[in-house]
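A.B. asks: Have a look at the structure that comes next, please.
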Amino acid sequence: MSDPVIDPSRPAVSEEVAIDILGMNKWYGAFHVLRDINLTIYKGERIVVCGPSGSGKSTLIRCINRLEDHQAGRIVVEGIELTSDLKHIDQVRSEVGMVFQQFNLFPHLTILENCTLAPIWVRKVPRREAVDIAMSYLEKVRIPEQANKYPGQLSGGQQQRVAIARALCMRPNIMLFDEPTSALDPEMIKEVLDTMIALAEEGMTMICVTHEMGFARQVANRVIFMDQGQIVEQNAPEAFFNAPRSDRTRLFLSQIL
Ligand code: ADP
Ligand code: MG
């Protein structure tokens, strides 16, 4: 079976800005975790973020849906500037779906209930419609038959696909993935990556923190390397992997490839 290959040069990326980050800095107390981040992401881009543990990758993507706040600079998502205004936070969270390393499903709710909860209570979608939408996404991630089970009855790979379906049920324009395969056994990684590849092929704007460099080569149109709270280097995958410019990038790649 051959994997679907996306040509990074195909004109899927629009000129419209999805996310604009300007001179952004963040501190945890006295610790300066993100330094002078400038990053513009266009609609339809498939960004892979990599870098050593502790370099600020999770913090950066958590700032994009305001799971974390920033202290300097600007973050504008789908035209909404992220401020402490709660209305903006709700707006942005409905535009941005997030999938975590630890699937974060509600253990006491069925798979279907996990997928319909937020659409019904946050988006005020009628229950019937929410169920139809949820079933369509569970089909898309190829586990509709698990709808009435509980998360604990599913494998890690299946739970992660539910987490992806659950995020999609909110009909986000942007999807953030924070090491979605890092907690999975090797045989389950492919099924989750395949789901992400399918999403990318549909033109979803995606930012994926991952060390799956095969995925990066195949799917990303841009790879970003972070170290010590900074974006050190970014490039198209071919150039990034074949001709890294900075010593830090070369060192990192030599350790993971
Ligand atoms: P990565 O995802 O690249 O491994 P993180 O964004 O999780 O990095 O963390 C970046 C740095 O910030 C690390 O040094 C980490 O220990 C620190 N950090 C992360 N979260 C917090 C927090 N809530 N409070 C204080 N320090 C934190
Ligand atoms: Mg992290």
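A.B. asks: Return the pair list, or none, for Cβ contacts closer than 6 Å from residues in segment 71-86 that are farther than 22 Å from Y28 by Cβ to residues that are among the aliphatic types (A, V, I, L, M) and open to solvent by less than 30 Å² (accessible area, probe 1.4 Å), at least 6 apart or on different chains.
C.D. replies: Every condition considered, the pairs that remain are I80/V92.
A.B. asks: Just one of the numbered conditions (1) part of a strand (DSSP E or B); (2) over 12 Å from the mean Cα position of the chain (by Cα) is not true of I47; which one?
C.D. replies: Failed condition: (2).
A.B. asks: Within segment 236-257, which residues are open to solvent by 40 Å² or more (accessible area, probe 1.4 Å) and either within 16 Å of ligand 2 (Cβ to nearest atom) or within 19 Å of the chain's Cα centre (by Cα) (or both)?
C.D. replies: Answer for segment 236-257, where residues must be open to solvent by 40 Å² or more (accessible area, probe 1.4 Å) and either within 16 Å of ligand 2 (Cβ to nearest atom) or within 19 Å of the chain's Cα centre (by Cα) (or both): A236, I256.
A.B. asks: Something else: Could you grab me the full set of residues in segment 15-38 that are under 15 Å from D227 (Cβ atoms) and either within 15 Å of ligand 1 (Cβ to nearest atom) or open to solvent by less than 40 Å² (accessible area, probe 1.4 Å) (or both)?
C.D. replies: Residues satisfying the conditions are H32, V33, L34, R35, I37.
A.B. asks: Let me ask another. Go through (1) on the phi > 0 side of the Ramachandran plot; (2) charged (D, E, K, R); (3) within 13 Å of the chain's Cα centre (by Cα) for K57 and report which single condition fails.
C.D. replies: Single failed check for K57: (1).
A.B. asks: Continuing with the same structure: Within segment 207-257, track down each residue that is under 25 Å from Q102 (Cα atoms), touching a residue at least 60 places away in the same chain (Cβ under 8 Å) and small (G, A, S).
C.D. replies: A216, A220, G229
The values are calculated or read from the model by the stated rules, or taken from the named source; none is laboratory data. All values reported here derive from a predicted model rather than from experimental measurement. Glycine gets a Cβ as well: all are built from the backbone with ideal geometry, and neighbour counts include every protein chain shown. Note: areas computed on protein heavy atoms with side chains; ligands, DNA, RNA excluded. Shrake-Rupley method; radii C 1.70, N 1.55, O 1.52, S 1.80 Å.
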